[in-house]
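The values are calculated or read from the model by the stated rules, or taken from the named source; none is laboratory data. Small disclaimer: the values here were computed from a predicted structure and weren't measured. Neighbour counts run over all protein chains shown; Cβ positions are idealised from the backbone, glycine included.
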Amino acid sequence: MTGSLQHLGYDEEKLQRASQQLPCREVQAGMLLSLMGQPQQYCYPSVFIYGHGASGKSHVLNVLMKELELPHATVSCVECVSVSLLFEQVLLSFFGCDAASSLPRTPSLSDFVRVYRQQSSQSPAKQTRYIIMEKAELLRDAEANLLPALLRLQELVEDNVTVILLSEIVWDQFRPNTGCFEPLLLHFPDYSKGELQQILSHDAHPSYSAEFYSSYINILLGVFYSVCRDLRELRHLAALNFSKFCEPVTTGKVKETETHKLWKNIEPHLKKAMQTVYLREVSSLQWEQMQQMEETETGAMRGLSAHTHVELPYYSKFLLIAAYLASYNPARTDKRFFLKHHGKIRKTNFLKKNEKTSNHLLGPKPFSLDRMLAIFYSVVDSRVAPTASIFSQISSLVTLQLLAQVSHDDQLDGPKYKCAVSLDFIRAISKTVNFDIVRYLYDFLLQF
Amino acid sequence: MSTSSVSKGCFVFKPSAKKKKTLDLGSYFSRGCESSESSDTRFRLCHDLWDRIKTDTEDELNRKILDSLLEFTRKCSLTRQHSDWMSQMRCSEIPTAALMLGVNIPDHDMTFQSLSDQLQQSVTPHVVSVQAKECAALKHLMKKVLERLTDTVVALDDEDEEAAEQSAASLQKGVHCSLSALCDWYSSKTKKSNTPGKKRSSSAMEEQQQPPVVVIFKDLEAFNPKVLQDFILICSRYIERLPLMFIFGIATSPSTIQHMLPHSVSSLLCIELFQSLSCTQHLATVMDKLVLTSHFPFKLSGKVMQVLMSIFLYHDFSVRNFIKGLQLALLEHFHSQPLSVLCCKKKEALLNVMQLSDSNVERIRQLPSFKRFIEKQEKEEQVHLMTDDAYLKEICCRLIKDLHKYHKNYYPILRELHLICLENNVWETEDYQSAMKLLRMLAKDELITLLQRCAEILHVKSKKMKKTLVQMEELLAKFKQLDPASEMGSSAEDCIISPVKNLQKKTDLFQLQKTLLEMNESRRSKKLSPFETLRNEALDFIETLVKSHLPPPESQTLWEVCYYSSSATVRRHLNATPRTSIQAALSNPFCYLQNDSLKAEDGTVSNAAPDICITYKLHLECGRLINLYDWLEAYATVVSAAEGIDPDSDSFGKVDEVKHARFIRAVSELEFLGFVKSTKQKTDHVARLTWGGC
């Protein structure tokens, strides 16, 4: 399919080079080129390109811009913590440092337009200038006038400039309430399995033949294609497991052509990778170390989620338990649970109907500090003086994200908290202090 | 100072500079000291020990984990510079170390400090650490990272005008807050160091053309996940130009990373876990160095130790706070105990004994432990001791020597005992007894290994205990010779087993009991096997050792010199109780104000006390709801009495404006402190929030 990129306005050789770098995206690239027209022609003011992650949006544009040597500014919207950064980067790449520094501090959109016009009148565009905005979905959170203005920037600055927005979500989610100029929409579809195979085979290991690598990719896709179609992830996985794949070849046991034997060797290994590396339970570095180790030892390597145990000081444990009880029990049941002589409480009255839904399904409720401390003093088995260290433990539980402060930081008087740990976690904690938490939980009382 | 001004106005008087006199540490120390004559020596001793605590605890802590982290950073920066296929494919990942530090947050600062110091020394000059509280938004995080790396002020766009103008003036439209600025800075920096003309300072830098940029997130849990995600996304865009590296400080568990970062972000990181020493292990090393050693002359009594340990276990798990507690005890000891001049190395202590002043000699005579010592002496000797200072000093020298010897023997034996039975005090305790019983049932192999380890400790620890060591080794040799003999014993055991076999046939419960009893008796009456006799011998030997070397320190003469025993002081200083203090201040203002007119008997408040104390006292007499008017009346009566108004006159107990205002202020102060609050249940009433009365 190479050579399918054809356009009158551009050098044949350059197009050739570009199309070599764009496997499986010839259609989209061709479409873009025809939209762009010849370099000196005006292009459509704004183009919106969407497609899933790793479907080649940025790559296609970068390659085109670079190979065809077009004037362009690539801006990532994540990076632009303020609009001034965005403006500055655009001006910098079109007109150089002087233009960028002539922007005032905290520039507004009109400042940007003014400076742009000023500069472009000095050096008018001979070719279309392109502004490429990556992760354009973040523009929705910016000031309301930014996105509409960018869409018709060509009109505003009266220059041959085109804004290309790249996003992972569709245009319908962008459209502002007030209406705006509609950009041209262009969709980048996901790669098919064959295309993935073709692309992945490109980064073959230099010391092995291309066929060998592509047979490896074939096996890899067979295992992973059902769970993951992200090109970036697949490439990562391919790189990590390749050394294991070639092991029998380097040791001389198997020849490069004996695909079946190689498959038998690698298949269980890839299955394991799916459970660990792919989920980032184990980092790539650790994965490599695991490969070097003997099979038997790898059991000792534990993933991130295997470590959930947290060791806390004695009173912190009880504070956390008290917080959990306060978060998941209705306040009016405290009397029943924590008072020795609570008198008779009628069962029908006690179990209200509208509270039938489990509190655990509803999530933690906020509670006041007083209530938590009252519960704390009744569950802790010894007499505890209300010392400063008890209080400081509460705030350290908040920094550990085991409790969450609901009220504002400024509110010193009667702060409110929520308990942010799971039932399993609190059960493990209360087991270490011999406290049967289930007996104190309203939700579990219902069952008996 | 006065001003001759007719008009009203506000005048500022700056204090003249001459009056300021900075006191050095030593004079602070000696100011409130008991017996000032020896304060200089005591200060010096105290200072030395303080420094020793510092140096001893700093160097070894977390050594292992720091080393492995350094290794990790080095490896990461090296693989970046390789250009083989594997590392090329992987270069888009940001190497990340997840450092598990445990929940003892106060200790983390120390670790991070030494980590960044060591990184700067040996791996890279570009290390920056950030905390969650300074990075509420992404731009703040960026700003902090940039500023700390480049040592310049970075302008944020929407700062308030004044600050913006200032920084603009100083920077002339300086660096913008973006990573590309950082990249430029970095490339200029590395280029500069690569110019051949310049001589590079350190050799470590020479191997590395591109030292990594390390960003340390001190408290990952507290970061806003959104901020962190964006920051990582941005960084990954620049990873090719800027060799970044992250270190996450995690207090709880590694699964926090998964909670905070979605897959799309965590796939940009290459995370490796580093588990630091648990805080209890950490504490154990500190204890070994500072407490369980005879080289550190200052000691804590059992109770103080208990206070410190309970703070550690119950409250914070913080080794740093433990050390602080130790330092506090040290300071208090030298500050309040004049005889602490003797609390130092043996040679120095002997010198100091000779230089004791008269008053200090008298103090020695007053020491309870010394009194006990005198009582044991004969009459003549007693008189001699009480009157002759020189003789007393001589005796003191001897006693100090004894004390040091005692310490020297105490710790090795203690360790040994600790090894065997895990309980570290006197032989009367139940634990010790049960442990000994357990030992008496130990199998041979285990006993031998235990004894061997004990012997090792003795070997290392002390030369003076050679005799015991020899004995111990003899015992061990005997155990080893026993091998053939023990086989004989095993045949004897067979005989016992056979009745057990018989037992299985019988089903009657009563019969079973009977035979079991019989068996027990027969075993008791049976002649002890050679192994058993030897075991008993060994244990008796250990017991005599324990009894001769482990009497409690309180039984030693002159123990007050080295031991700090005021646990109440330590507890008051370290474990503050705000509520109790407030209540104490309100019910007994003399305690804080130290004004003689406020002195009162128990349970009453003098009517000259501050208004809030009076209102507090009066409110204690009320029930759950307090009538404000009654309260005011009572208050006015008390205050009138304080003003000396004649009780029979008309104005006595009258509420005037001033009293009214004072009362209202006092009540609102009580409300602020959380003792009362307004209520809607009854008009003109407030609700009490505390229980109990007077």
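The number of residues in region B:337-373 that are polar (S, T, N, Q), loosely packed, with under 15 Cβ neighbours inside 10 Å and touching a residue at least 40 places away in the same chain (Cβ under 8 Å) comes to 2.
Screening region A:74-95 for residues that are facing chain B (nearest Cβ under 9 Å) and among the polar types (S, T, N, Q) and picking the one that is nearest to residue A:168 (Cα to Cα) gives A:76. Any residue that is under 18 Å from residue B:314 (Cβ atoms), surrounded by fewer than 16 Cβ atoms within 10 Å (Cβ to Cβ) and either touching an Asp or Glu at 6+ places or on another chain (Cβ under 6 Å) or more than 9 Å from chain B (Cβ to nearest Cβ) (or both) - is there at least one of those in region A:394-414? Yes: one or more hits.
Tell me the helices (runs of 4 or more DSSP H) entirely within region B:251-335 that contain at least 3 residues that are within 7 Å of another protein chain (Cβ to nearest Cβ) and either within 23 Å of residue B:105 (Cβ to Cβ) or among the acidic types (Asp, Glu) (or both). In region B:251-335, B:255-260 are the helices (runs of 4 or more DSSP H) which contain 3 or more residues that are within 7 Å of another protein chain (Cβ to nearest Cβ) and either within 23 Å of residue B:105 (Cβ to Cβ) or among the acidic types (Asp, Glu) (or both). Across region A:96-114, which residue is modelled with the highest pLDDT among those that are part of a helix (DSSP H, G or I) and either in contact with a Gly (Cβ under 8 Å, 6 or more places away or on another chain) or surrounded by 20 or more Cβ atoms within 10 Å (Cβ to Cβ) (or both)? Among those residues, the one meeting the criterion is A:112. Residues that are assigned to a loop (DSSP other than H, G, I, E, B) and either within 13 Å of chain B (Cβ to nearest Cβ) or within 23 Å of residue A:250 (Cβ to Cβ) (or both) within region A:204-239 comprise A:204, A:205, A:206, A:207, A:208, A:209, A:227, A:228, A:230, listed in sequence order.
Given the condition at the interface with chain B (Cβ under 8 Å from one of its Cβ atoms) and of a type in the set (Lys, Arg), answer yes or no: does some residue in region A:106-117 qualify? No; the residues of region A:106-117 include none that is at the interface with chain B (Cβ under 8 Å from one of its Cβ atoms) and of a type in the set (Lys, Arg).
Checking each residue in region A:115-136 for being in a loop (DSSP other than H, G, I, E, B) and farther than 14 Å from residue A:153 by Cβ picks out A:123, A:124, A:126, A:127, A:135. Restricting attention to region A:30-60, report how many residues are surrounded by 17 or more Cβ atoms within 10 Å (Cβ to Cβ), in contact with an Asp or Glu (Cβ under 9 Å, 6 or more places away or on another chain) and of a type in the set (Gly, Ala, Ser). So the answer is 4.
Among the residues that make up region A:142-149, is at least one of them within 13 Å of another protein chain (Cβ to nearest Cβ), surrounded by fewer than 20 Cβ atoms within 10 Å (Cβ to Cβ) and more than 30 Å from residue A:269 (Cα to Cα)?
yes
Please tell me if residue B:155 is modelled with pLDDT under 85, within 14 Å of another protein chain (Cβ to nearest Cβ) and either touching a helix residue (DSSP H, G or I) at 6+ places or on another chain (Cβ under 8 Å) or assigned to a helix (DSSP H, G or I) (or both). Answer is yes for this residue. Being at pLDDT 70 or above, more than 10 Å from chain A (Cβ to nearest Cβ), buried (at least 19 other Cβ atoms within 10 Å of the Cβ) and within 22 Å of residue A:87 (Cβ to Cβ) is the requirement here; does residue B:146 meet it? Here the answer is yes, as residue B:146 does meet what is asked. For region B:608-617, state whether one or more residues are in a loop (DSSP other than H, G, I, E, B) and either in contact with a Ser or Thr (Cβ under 8 Å, 6 or more places away or on another chain) or closer than 30 Å to residue B:681 by Cβ (or both). Yes.
Scanning region A:153-198 for residues that are exposed (fewer than 14 other Cβ atoms within 10 Å of the Cβ), aliphatic (A, V, I, L, M) and within 30 Å of residue A:218 (Cβ to Cβ) turns up nothing. The sole residue among A:339, A:262, A:325, A:361 that is more than 14 Å from chain B (Cβ to nearest Cβ), under 31 Å from the mean Cα position of the chain (by Cα) and at pLDDT 75 or above is A:361.
Scanning region B:220-227 for any residue that is facing another protein chain (nearest Cβ under 9 Å), small (Gly, Ala, Ser) and either in contact with a strand residue (DSSP E or B) (Cβ under 8 Å, 6 or more places away or on another chain) or in contact (Cβ under 8 Å) with a residue 60 or more places away in the chain (or both) turns up at least one such residue.
Selection over region B:555-586 of residues that are polar (S, T, N, Q) and more than 14 Å from chain A (Cβ to nearest Cβ) gives a count of 7.
For region A:91-104, does any single residue satisfy the condition of being aliphatic (A, V, I, L, M) and touching a residue at least 40 places away in the same chain (Cβ under 8 Å)?
no
A single entry from A:288, A:267 fulfils the requirement of being assigned to a helix (DSSP H, G or I) and more than 14 Å from chain B (Cβ to nearest Cβ): A:267. If you go through region B:235-255 and keep only what is surrounded by fewer than 20 Cβ atoms within 10 Å (Cβ to Cβ) and β-branched (Val, Ile, Thr), you end up with just B:239. Annotation for region A:297-310: at least one member residue is among the charged types (D, E, K, R) and at pLDDT below 80. If I ask for residues that are assigned to a strand (DSSP E or B) and crowded, with 20+ Cβ neighbours inside 10 Å, which ones from region B:618-639 would you list? Selection gives B:626 alone. With respect to (1) of a type outside the set (Ser, Thr, Tyr); (2) closer than 30 Å to residue B:576 by Cα; (3) part of a helix (DSSP H, G or I); (4) modelled with pLDDT under 85, the lone exception for residue A:384 is condition (3).
Annotation note: of B:99, B:69, the sole residue that is of a type in the set (A, V, I, L, M), more than 30 Å from residue B:314 (Cα to Cα) and at pLDDT 85 or above is B:69.
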